[in-house]
There are 4 protein chains.
Amino acid sequence: MTNQTLILIQCRDAVGLVARIANTVANHRLNIVTMREYVDEPANRFYVRVVCAGKAEDNAQLAGDLTSVLPAGATVTVNPPQQKRLAVLVTKEHHCLGDIIVRHFFSTLGAEVCCVIGNYDNLRAFTERFDIPFHHVSHEGKSKEAFETELVETLAPYQPDYLVLAKFMRILSPAFVAVYPGRIINIHHSFLPAFIGANPYKQAHNRGVKLIGATAHFVTNDLDEGPIIAQDIKPVNHSYTVKDMVRAGKEVEKSVLSKAIALVIEDRVIITGNRTVVFE
Amino acid sequence: MTNQTLILIQCRDAVGLVARIANTVANHRLNIVTMREYVDEPANRFYVRVVCAGKAEDNAQLAGDLTSVLPAGATVTVNPPQQKRLAVLVTKEHHCLGDIIVRHFFSTLGAEVCCVIGNYDNLRAFTERFDIPFHHVSHEGKSKEAFETELVETLAPYQPDYLVLAKFMRILSPAFVAVYPGRIINIHHSFLPAFIGANPYKQAHNRGVKLIGATAHFVTNDLDEGPIIAQDIKPVNHSYTVKDMVRAGKEVEKSVLSKAIALVIEDRVIITGNRTVVFE
Amino acid sequence: MTNQTLILIQCRDAVGLVARIANTVANHRLNIVTMREYVDEPANRFYVRVVCAGKAEDNAQLAGDLTSVLPAGATVTVNPPQQKRLAVLVTKEHHCLGDIIVRHFFSTLGAEVCCVIGNYDNLRAFTERFDIPFHHVSHEGKSKEAFETELVETLAPYQPDYLVLAKFMRILSPAFVAVYPGRIINIHHSFLPAFIGANPYKQAHNRGVKLIGATAHFVTNDLDEGPIIAQDIKPVNHSYTVKDMVRAGKEVEKSVLSKAIALVIEDRVIITGNRTVVFE
Amino acid sequence: MTNQTLILIQCRDAVGLVARIANTVANHRLNIVTMREYVDEPANRFYVRVVCAGKAEDNAQLAGDLTSVLPAGATVTVNPPQQKRLAVLVTKEHHCLGDIIVRHFFSTLGAEVCCVIGNYDNLRAFTERFDIPFHHVSHEGKSKEAFETELVETLAPYQPDYLVLAKFMRILSPAFVAVYPGRIINIHHSFLPAFIGANPYKQAHNRGVKLIGATAHFVTNDLDEGPIIAQDIKPVNHSYTVKDMVRAGKEVEKSVLSKAIALVIEDRVIITGNRTVVFE
């Protein structure tokens, strides 16, 4: 994006929006390379992601000019910060964290891991090998409120753009989620058909599923609800033990979460209601 | 399978079963080409599918000799009928039926479609183009019991080996299912995560799923439960309307059902509890 | 598309094209629903597919107004014919033809199969069951030139929009291809890694590939070259015989060709050089 | 495998092999849990992988007893070493190495990375963070023979069971390969259709492929030939730049190589001619 301008807009839908936006961009002597838009018709909302060749001379001026031609209440973002800051929350499982940190180390994550917080301490050694701060914030012997207050205070100095729940096994309260609205990404196992409740892999094994899946989503009020960002599956068969299924599940969790992070930090994902628009 | 012998066995697990079976087969001067076995440890059940080069001189004698070396209660099948007879039950949707009948016509189904029964009449013209009997058995104005009795009576003269519910939208009672135990194959949409209740595609759209799936399974007591035979998915995205999702779903339903039928009629699928063993 | 306007444009790239197009569309009081564009930078070509809510009052007027704001030499198409006419060319294999014709019969193909031409006669019975004309144009005892002349003459009265080579095993000359430029769709087996020459499935088996693929593409001068429209694969393993691999290959050929046909007849595919842009 | 016995056999095919093996195993009071065999008919070779419940009292005695009932020249392995030692060879790209080392660190690789050798030095820092020896063996200013001699000498003290070429971009001579026969695993990009020669991703982009693949294989005499262990693909589209395709390719290379390593170190892969048998 070194010599490009990225524009993100959402607003009430109206006739001629694309023309108004394209005219404004042309007046700034920027050439549109790709433009992806989506109209959520039931919600009457318009979303667009525009990539232009050339750097805007004045981002604020361009944003202002765009706002002036759009319906009232439009959100216009010109060149959002590219180097996002991620805080990663974990419990005990390492598979997602490992992938994220290696990408961070080799600068292929497209974002910076500013810290890792674990409600257990066992991923400290791995994290610290990469000179990333690790904080152990235990949930034990605390109310949810006290635990989450401690999380918020630990996170605050890092000013993360996004929280990544990389197999963080605590359910977050709506109060916590409200601190990072639309900015918490979670990875969740998923099954065809789905199994709710304790030990989903055991249930999936007992039913003899032939696919194991994973879903990355934004966290809203419930841990496992919220707008879906990415999903994928891996085939399994009758010879898989519960342990084998867990292992297959980890592989797919890891790759789905990494894909979701990449989409989000490239500003390709927009939340509309309980869905996402993903301009891949 | 023209010059081969297929042996299917299930019995209580015990030490030395493979040796006893292999010895018996060798005594009949048959050479094992492939042998696939599975032990369901919690259930203490042993399952094996053996393909031998050469035709057994006497199927009954071989089956008897095998039975004599196995634990009491073993089920031994030598060279099950290869040309299975399928009855297909439909409602209004044609996508699964079309695929099955074309395969039947070109003799690539590996089975014979002996009849099609619809609770609506609209797939008659297509079916009859292929000289396959079509019966319209309406459910309207009848009790479920009366409807199912009519189904059973319509099916009886065809003596089908399997019933294929190719988008048959009536829920069958346990009494009906008991007439064809382990011999009814259904195709069911599936989602990640799953949506239960009315209009699942609408629900899936509202949640913004990124995958649409399908599950083929044996029917036990519930229409959408029972041991899973095959599953697959197709990727979708935010630009799919509900109608587009339905269309994508039909493609995957069609291919998953065809795959499940192929596996079943080649005697590769064994039911163990609420799971299947699939010797692909 | 009943109450929509579809606009397809390709032209030399220039600054402000999106603005000019969007303004023109807005002047016709049409609201853009989706707009997908692509710039082939090395070729300096601009491609766009616009769907508007509402029917243009005058297609020719809209096309003219668009042309007047675009660089010289632009190609502008407003509301191309929706019910394309397909001629299907076959040899002996039925799997792709069967799928196409069933979709035609149930009006889910999105196009009309106007005729089937076989260089063998064995798919006549199937085709004629659906009241579709079948022509046997044998290649035997004829020069390629004579054979192709006969094909052209047989096709002419049907005025097909596209020819679909549904496992048509004759190589077409550049002279024939020039009669239907960018309008011939072929399906080709593909392998990882690829095998060229006689009996590719035998070669693939000998090498022990773990995937079998298929590629649908436009035909240019060579049968197996030309811009790729769609590709897919199926996993296989060591237990697959050559025959099993052929069978798996047919499944994937069938689904890839159907997907490619759907994309083309919905005017979602644009040829640029030896590539396609697919606005899925 | 803590309380199991693993038996690997390959020999000339003959009637009754399964019976002889199963009898011998039963005589040692071991119960067969899974038995997977494959007959390469053209080569007249028999391969079997047997997992038994229970530890053999005397591995050598069991191997000897098995050998005595098999055709001359049989290879019998009882309980091969479980903790394989891997030497990883790299050039500059980190994506495969990163995945392997993280798995090593968390003990989920199923093997030990004994050393990493790079013909460039730039992956040293990453490797040494995990306390794994890194050797820089440059190819520059040396004959291939001298370079490979240095490799062999560097590797020798580690006594690796397998060499993993994790994007090692030097072509190895037959003389080098002969030092580790059937023990060198390579990862290779693959395309549908394939592109040979310089800059394959550029070629693939120019052709507009819709899939990017990767192939893990044993190295025989050519770098990119040899029996295939695992393959997979990722979908791409026209909007992918060459750089995007390279990035997608790295993801699939990483996961395919990890899968291949897992299969090999669990003794699930057998080489037969230029193919593999994979008992998944």
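At positive phi, more than 9 Å from chain A (Cβ to nearest Cβ) and at pLDDT 95 or above - does that describe any residue in segment B:265-273? Taking every residue of segment B:265-273 in turn, at least one turns out to be at positive phi, more than 9 Å from chain A (Cβ to nearest Cβ) and at pLDDT 95 or above. Quick one: in segment A:129-151, which of the residues that are of a type in the set (A, V, I, L, M) and more than 27 Å from A:SER107 (Cα to Cα) is farthest from the chain's Cα centre (by Cα)? The selected residue is A:ALA146.
When residues of segment B:179-195 are filtered for being open to solvent by 20 Å² or more (accessible area, probe 1.4 Å), of a type in the set (A, V, I, L, M, F, W, C) and at pLDDT below 95, how many remain? Looking only at that region, the number is 2. For segment C:230-255, a residue qualifies if it is in contact with an Asp or Glu (Cβ under 6 Å, 6 or more places away or on another chain) and β-branched (Val, Ile, Thr), and exactly one does: C:VAL252. Checking B:PRO160 against (1) at positive phi; (2) in contact (Cβ under 8 Å) with a residue 12 or more places away in the chain; (3) within 24 Å of the chain's Cα centre (by Cα): exactly one of these is not met. Which one? Answer for B:PRO160: the failing condition is (1). Which one is nearest to C:ARG45 (Cα to Cα) among residues in segment A:7-24 that are open to solvent by less than 30 Å² (accessible area, probe 1.4 Å) and within 7 Å of chain C (Cβ to nearest Cβ)? Here the answer is A:ALA22. Being buried (at least 19 other Cβ atoms within 10 Å of the Cβ) and of a type in the set (A, V, I, L, M) is a description that applies to A:ALA56.
Counting only residues that are more than 9 Å from chain B (Cβ to nearest Cβ) and crowded, with 20+ Cβ neighbours inside 10 Å, segment A:218-230 holds 3 of them.
Evaluation of B:ALA56 against the conditions (1) assigned by TED's automatic domain parsing to the domain that holds B:GLU266; (2) touching a His at 6+ places or on another chain (Cβ under 8 Å) shows that the sole unmet condition is (1). The set of residues from segment B:131-157 being crowded, with 16+ Cβ neighbours inside 10 Å and either of a type in the set (Gly, Ala, Ser) or in contact (Cβ under 8 Å) with a residue 40 or more places away in the chain (or both) comprises B:LEU151, B:LEU155.
Here B:ALA74, B:ALA87 are screened, and the one residue that is closer than 23 Å to D:ALA53 by Cβ and either open to solvent by 30 Å² or more (accessible area, probe 1.4 Å) or touching a helix residue (DSSP H, G or I) at 6+ places or on another chain (Cβ under 9 Å) (or both) is B:ALA74. When the residues of segment A:95-130 are filtered to those that are of a type in the set (Asp, Glu) and within 12 Å of chain D (Cβ to nearest Cβ), the one that is surrounded by the fewest Cβ atoms within 10 Å (Cβ to Cβ) is A:GLU128.
Among the residues making up segment A:63-82, those that are hydrophobic (A, V, I, L, M, F, W, C), over 26 Å from A:TYR162 (Cα atoms) and out of contact with any Cys (no Cβ under 7 Å at 6 or more places or on another chain) are A:LEU66, A:VAL69, A:ALA72.
Among the residues of segment D:158-168, the ones that are among the β-branched types (Val, Ile, Thr) and either exposed (fewer than 14 other Cβ atoms within 10 Å of the Cβ) or outside the structural domain of D:ASN186 (by TED's automatic domain parsing) (or both) come to 0 in all.
Scanning segment D:30-48 for residues that are out of contact with any Gly (no Cβ under 7 Å at 6 or more places or on another chain), assigned to a loop (DSSP other than H, G, I, E, B) and at pLDDT 90 or above yields one hit, D:ASN44. Report yes if B:CYS52 is within 30 Å of D:VAL51 (Cα to Cα), in contact (Cβ under 8 Å) with a residue 24 or more places away in the chain and more than 14 Å from chain C (Cβ to nearest Cβ), otherwise no. The answer is yes for B:CYS52. Restricting B:ILE212, B:ILE171, B:ILE233 to those that are more than 8 Å from chain A (Cβ to nearest Cβ) and either open to solvent by 10 Å² or more (accessible area, probe 1.4 Å) or over 30 Å from A:VAL278 (Cβ atoms) (or both) reduces the list to B:ILE171.
Looking across segment D:249-263 at every residue that is within 14 Å of chain C (Cβ to nearest Cβ) and open to solvent by less than 50 Å² (accessible area, probe 1.4 Å), the one that is farthest from D:VAL164 (Cα to Cα) is identified as D:GLY249. For segment D:29-44, the count of residues that are surrounded by 17 or more Cβ atoms within 10 Å (Cβ to Cβ) and either closer than 27 Å to D:LEU155 by Cα or more than 13 Å from chain B (Cβ to nearest Cβ) (or both) is zero. With respect to being touching a Ser or Thr at 6+ places or on another chain (Cβ under 7 Å) and not in a loop (DSSP other than H, G, I, E, B), B:HIS135 fits the description. Every condition in (1) more than 23 Å from B:PRO80 (Cα to Cα); (2) at pLDDT 95 or above is met by B:MET245 except one, and the failing one is (2).
The values are calculated or read from the model by the stated rules, or taken from the named source; none is laboratory data. Values in this document were obtained by computation on a predicted structure and should not be read as measured data. Using ideal geometry, Cβ is built from the backbone for each residue, glycine included, and neighbour counts are taken over all protein chains shown. Surface accessibility is based on the protein's heavy atoms, side chains included, excluding ligands, DNA and RNA. Shrake-Rupley method; radii C 1.70, N 1.55, O 1.52, S 1.80 Å.
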